[in-house]
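For reference, the structure discussed in these notes is given below.
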Amino acid sequence: MPAAPSASSPADPATHAPAAPSASLAGRTGTAARSLWLPSALAVLSGLLLFAAFPPLDRGLLAWVALVPLLLAVQGRTPRVAFRLGYLAGWVWFGLLLSWITLFGIATWVVLVAVMALYPGLFAWAVQHLARRRPHAALWLAPLLWTAVEVVRAEGPLAFPWGFLGVSQHRVLPALQLAALGGVHLVSLAVVLGNVLVVTLVRRPVPWRPLVAAGFLLAAGLLVGTWRAGWARPAGPVAAALQPNVPPLLKGDAATRRAQLDRMRELTVRAARDGAALIVFPESAVPVNLFGPGGAVAAVAAWAPERVVVATSLEVGTTAQNSAAVLAGGRVWGRYAKRRLVPFGEAGITPGRWTDPVATPLGRVGVAVCYESAFALPSLRAAQRGAAVLVVVTNDGWFGRSAGPAQHAAFAVVRAVETGRSVVRAANTGVSALVAPSGRIVESLGLFARGTLVGRVPLRARETLFSRLGDWLSWLALAVSGSALAAAARRRPAGPATTEARAA
C-alpha cells in the first residue's frame, strides 16, 4: 500500500491554497496601517499647535515647535504618504483657524479648508521627495520649501494668505523685526528653521556643525530684532481711527443714512477736538456717494477742515468702487479705489488701479482697503513711493465675534514692521489700532465698541531693507526649492523601498 503524501509534499493541494498569500498581504497591509497611527497622531498634533499659534488662542511661541511633530511623522515615509500626513495636519489647522468662514456657509468652509490643506501637504511631499536622495539636506531645506509654498499661495486671483507662519509672531516683536529685512516670509522661514533645529536635536546622530551654524544665525537675528524693537522713535503727530460700530447690514439702509452720517460727523468733530491731525474713517463709513451729483464730499470735508481726513464710501453709479478720499483744507487731495478684491465676495465691484500715495500737509498717505492689508504688495508699493504713514480701512463686522477680526488685524502689525511705517487701522466694528513702525500697538479699540481711537504715531523714520529691495526672499525661495526638487526628480532614490511604500 503506497504511503500517503506528507504535509509538505508538492502533491498536497493545500500547499497551493490561495488563502495563504491573501493572509500574508492582509497582514502586511494591517501592519502598515497600524504603523501610520502614530504619524497620523503627530500630524494632528501639528495641526492643533499651528491653530493655537494664531488668534483666538494667539500663542505665537508655539509656532516654533508646531511643525516638529509633522516633520518627525514624515521621516522614512514615501512622498505620497508624507503628502497625506501634511494634508491631515492642514485640515486640522485650517479647519479650526478658519472656522469663522462657516458664517458664510458650511460648504464654503469645507471647500476653502480642503484647498488650504493642500499646501501643508505639498510641503510635506516636497521634504520627502528630496529626502529620498539627501535626507539631511532635505531637512535643512525645509524652511525654504515652506517659504516657497507660502509664496505660491499668496499669488493669483484666488490667493489667500491667511495662516502665514510669520503673522503668528505679530505679538513676538523680536522675531517679527525680521520682516523689516525680508518681509513676512523671512519671519516664516525663521520659525520653520527653529522647528528644524528641534527636530535635529532629537535625531541621532546629531550633525553639530550645521546645527551650530543655523542656531547662531537664528540667535543673531533674534538679538538684532530685540534691539530694533526697542528703538526710540519721535512721537509724531496725533492720529485718530474712528469706529462707528454700524451693523454691516445697515450700511445700505436708506432709512438710517442720516443717523449714520450724524454719527460719523460726531466722531470726526470729537477727534479734531482731541487734537488729531490725521483722522481715518473705516471702510464704507459714508453711506452715500462722496463724489458726483449730490455727493457728500463737501459736507464731509467741512466736518474737520483743518485736519487731514481719510473718508470712505462705496461709490455707486455706472460702476461701483470701494473708495477712499484724502481731504484737507476743505478740498480733495487724492483718491484711492480698492484694487485687490475678495474672490467671489465682491462681485460687481470694479477694482481700482495702482496709484501713488496721496500728498498731504502731513506727508504722503498710503491707503489699503480691508482685504488688501493681508498682502504685502500694496503697503510695500506705498512705502517705496514715499508714504510717510499707512492707513488701513476695513469693515470686519461680517465676522461677528469670531476670531476673524483679530486674525485680520494682525496683518496690519506685520505691514508696519515690513515698511518701517506707522499704520492707522480703522475698522467699522473693530479691531481698530494705531501701530508703531516696530509693531507695537500704541492704542487699540476692541470689537463692537463705538468711539475715537487717538494717539501719537511716529511718521516715517527710516527705510527698511524690505522696502528698498522688495520681496527678494520670495524669488530666492522659489529658485532654490524649484532647483532642488527638479534635481531630485532626475535622480533615482537611494536605497530599497520601504515596507510602507510596498504596502501603499
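The values are calculated or read from the model by the stated rules, or taken from the named source; none is laboratory data. Computed from a prediction, not measured in an experiment: that's the story for all the values here. Cβ sites come from the backbone with ideal geometry, for glycine too, and all protein chains shown count toward neighbours. In case anyone asks, the SASA skips ligands and DNA or RNA and just uses the protein heavy atoms, side chains included. Shrake-Rupley method; radii C 1.70, N 1.55, O 1.52, S 1.80 Å.
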Where in region 35-50 does the amide nitrogen come within less than 13 Å of the point 7 Å from the Cα of GLN75, taken along Cα to Cβ? 39
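Can you tell me what percent of all Cα-Cα pairs in region 345-421 are more than 14 Å apart?
The answer is 62 percent, as a whole percent.
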What 222 nm value per residue comes from the helices of the chain, counting each DSSP H run with n ≥ 4 as -39,500 (n - 2.57) and dividing by all residues, nearest 500 deg cm²/dmol? -14500 deg cm²/dmol
Using +1 at the C-beta of Lys and Arg and -1 at the C-beta of Asp and Glu, which of TRP125, VAL393, VAL369 has the Cα lying farthest in the positive direction of the dipole of the chain? TRP125
Please work out how much length the chain gains when fully extended from THR355 to PHE104, using 0.36 nm per residue of separation minus the C-alpha to C-alpha distance, in nm with one decimal. 87.1 nm
Between rounded, prolate and oblate, where does region 286-364 land on the alpha carbon gyration tensor, with a ≥ b ≥ c its root eigenvalues, rounded for a/c under 1.5, else prolate if a/b exceeds b/c? oblate
One would report the antiparallel percent of DSSP beta bridges in the chain, rounded to the nearest 5, as 60 percent
Rounded, prolate or oblate for region 84-228? Axes are the square roots of the Cα gyration tensor eigenvalues, ordered a ≥ b ≥ c, and the cut-off for rounded is a/c under 1.5. oblate
Below 8 Å, C-alpha to C-alpha, sequence gap of six or more: please give me the relative contact order for the chain in percent. 16 percent
Taking every C-alpha to C-alpha distance in the chain and binning by 10 Å from 0, the per-bin percentages run 4, 18, 26, 21, 13, 8, 4, 2, 1, 1, 0, 0, 0
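For region 241-331, what class follows from the C-alpha gyration tensor (a ≥ b ≥ c being the square roots of its eigenvalues): rounded when a/c is under 1.5, otherwise prolate if a/b is larger than b/c, else oblate?
Values: a/c = 1.88, a/b = 1.32, b/c = 1.43.
Oblate shape, in that a/c is at least 1.5 and b/c is the bigger or equal ratio.
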Taking the Cα-to-Cβ direction at ALA489 and at ALA254 and moving 7 Å from each Cα, how far apart do the two end points lie in nm? 5.9 nm
Can you give the FRET efficiency to the nearest 0.05 for ALA320 and ALA299, using r as the Cβ-Cβ distance and R₀ = 25 Å? 0.70
Calculate one ³J(HN,Hα) per residue across region 445-452 by plugging θ = phi - 60° into the Karplus curve 6.51 cos²θ - 1.76 cosθ + 1.60, and present them in order as whole Hz with x for glycine and proline. 9, x, 5, 6, 10, 10, x, 10
Using a 1.4 Å probe and ignoring any ligands, DNA or RNA, find the accessible area of ILE101 and quote it in Å² to the nearest 10. 20 Å²
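How big is Rg to Rh over region 209-259, alpha-carbon atoms, Rh as the Kirkwood inverse-mean-distance radius?
Using only Cα positions, Rg/Rh for region 209-259 is 1.48.
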Nearest 0.05, what FRET efficiency do ALA449 and LEU57 give at R0 = 30 Å with Cβ-Cβ as r? 0.85
To the nearest 20 Debye, how big is the dipole of the chain about its Cα centre, given +1 on the beta carbon of each Lys and Arg and -1 on that of each Asp and Glu? 880 debye
Simple SL model, points at 7 angstrom along Cα→Cβ for VAL269 and TRP37; separation in nm is 7.1 nm
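Counting only heavy atoms of protein chains, what accessible area per residue, in Å², does region 313-407 have with a probe of 1.4 Å?
Per residue, region 313-407 has an accessible area of 40 Å².
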Over all directions, what mean area does the Cα convex hull of region 39-94 project, stated in square nanometres? 3.3 nm²
In Å², rounded to a whole number, the accessible area per residue of region 183-260 with probe 1.4 Å is 50 Å²
At 1.4 Å probe size, put HIS136, HIS129 in order of accessible surface, largest to smallest. HIS136, HIS129
